[in-house]
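I have a structure I would like to understand better, so I am pasting it below and will then ask my questions one at a time.
What follows is calculated from the coordinates using simple rules that are stated; it is not laboratory data. Note that the coordinates shown come from a computational prediction; the quantities given were computed from them, not determined experimentally. Glycine also receives a Cβ, built like all others from the backbone with ideal geometry; neighbour counts cover every protein chain displayed.
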Amino acid sequence: MTREIVITAVLVTLAVVVGAVGWSGQALLLPAATFFPLLWARSPTRIAAALVAAGYFLAASRALPSGVVQFFSADLWVGLCFWVAAASSFVLIHSALWTARHGWAKPARYLMVLGLTALPPLGITGWAHPLTAAGILFPGWGWWGLFALTAGLIGLVTRIGPAIAIALSGLWLWSAALGTSQVLLEGWRGVDLEMGASLGRDQSLQRQRDLVTDVRKDAGTRETVVVLPESTLGFWTPTLERFWRNELQGTYVTVVAGAAVVDAVGYDNVMVAINAHGGRVLYHERMPVPVSMWRPWERWTGETGGARASFFANPVVEVAGRKIAPLICYEQLLLWPILQSMLHRPDAIVLIGNGWWTTGGNIVAIQRASAKAWSDLFGVPLVISFNT
């Protein structure tokens, strides 16, 4: 019993380190997360496996409590409750599917773990997925790189796990030595803003004029697509569309920006595209943030006001002659939205977010690092725009 306690304590400590390093917000450190399956597989008991999973996930999502406190203007205990609740499905899956049996039992079960944490419904909170590191370890390999890392992760839970870990470490060092360069999309610019919580809430005409000025300055006189963060335009209305259309007269600029389309029962978090000829809703967010935005229980309780989840709708959209994979904020932490989009072979990945509530944390850095990893894996240009 004492030996099991010592082993469990060591494994949990290593899991915390792996989670903290892998999800520090540095793309080149993402492969640290791939060592988690090795620790999970070496757990001596089911309880130990649950503790290892909890240590990894809680370390990876350590910025969540402070973010919740800022977003809801709540006490710290509310943030801690959200933190534990977010970890629950991850921990339960890894606990339920853990086995002491050897042979094919453990690899088969871990393959199930990878699938369940990547896809809805459990994949809705599937953050910190080790497969995100595929682009760092296998840049340019595309789907083959994803399959290769899947095989590697499954190998980590077998008897030859330590040898697989050494091989992955070698690949990690090799990729770190070579480095990566970001693929740029000609004629597209992602603009970062620093407007805090006021972005999207300040609906004044002066705010819209300031945004137009920023767009004109970034675009210059060229034919350009300027990407602005999530919620930039606030509520999308015919009046707002007409204002931007008039302001863009005489330019060759297309603006892609975040907005909200509101009706009597809720709203859609969207991207819109606007140029001198008019504007249109480009993309409906597939997975808004659970609880703070997406509240599926409202349909049964009679409440209104939450964001709709479009789930598997519009994985790619076309704008300015390009087919893009759009992702809004929370979707950038999950696997299935980006993988669904990549099935359609987009010309670029376009990410927007509004991270004012993450001040002091590393959530936006993790989103950027994850995006870079997917861009590197598939060799697809990346355009990012965030507000902080």
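Between [x] 28; [y] 32; [z] 41, which matches percent of Cα pairs over 35 Å apart calculated for the structure shown?
Label [x] holds the value from this structure.
What is the magnitude of the charge dipole of the range 3-154 about its Cα centre, with +1 placed on the Cβ of each Lys and Arg, -1 on the Cβ of each Asp and Glu, and no other charges, expressed in debye to the nearest 20?
420
In debye to the nearest 20, how big a dipole does the range 199-326 give about its Cα centre with +1 on each Lys and Arg Cβ and -1 on each Asp and Glu Cβ?
Taking the Cα centre of the range 199-326 as origin, the dipole is about 200 debye.
Say the dipole of the chain comes from +1 at the beta carbon of Lys and Arg and -1 at that of Asp and Glu; which of Thr251, Gly379, Gly142 then lies farthest toward its positive end?
Gly142
Using helices alone, I'd like the mean residue ellipticity at 222 nm for the chain: each DSSP H run of four-plus residues gives -39500 (n - 2.57), total over residue count, nearest 500.
-14000 deg cm²/dmol
Let me ask something additional. Suppose we keep just the DSSP beta bridges with both residues in the range 243-388; what percent of those would be antiparallel, to 5?
Counting DSSP beta bridges with both partners in the range 243-388, the antiparallel share is about 55 percent.
Checking the cross-link filter: which lysines have an alpha carbon closer than 23 Å to that of Lys323, excluding same-chain neighbours under 8 positions apart?
The qualifying lysines are Lys372.
For the chain, build the charge dipole from Cβ charges (+1 Lys, Arg; -1 Asp, Glu) around the Cα centre, then report which of Thr132, Pro326, Ile7 sits farthest towards its positive end.
Final value for the positive-end residue is Ile7.
If I stretch the segment between Gln182 and His277 completely, what's the gain in nm (0.36 nm per residue apart, minus their alpha carbon distance), one decimal?
Net length gain for the segment: 31.0 nm.
Now for a different question. Let me spell out the model: positive unit charges on the Cβ of Lys and Arg, negative unit charges on the Cβ of Asp and Glu, origin at the Cα centre of the range 282-388. What dipole size does that give, in debye rounded to 20?
It works out to roughly 80 debye.
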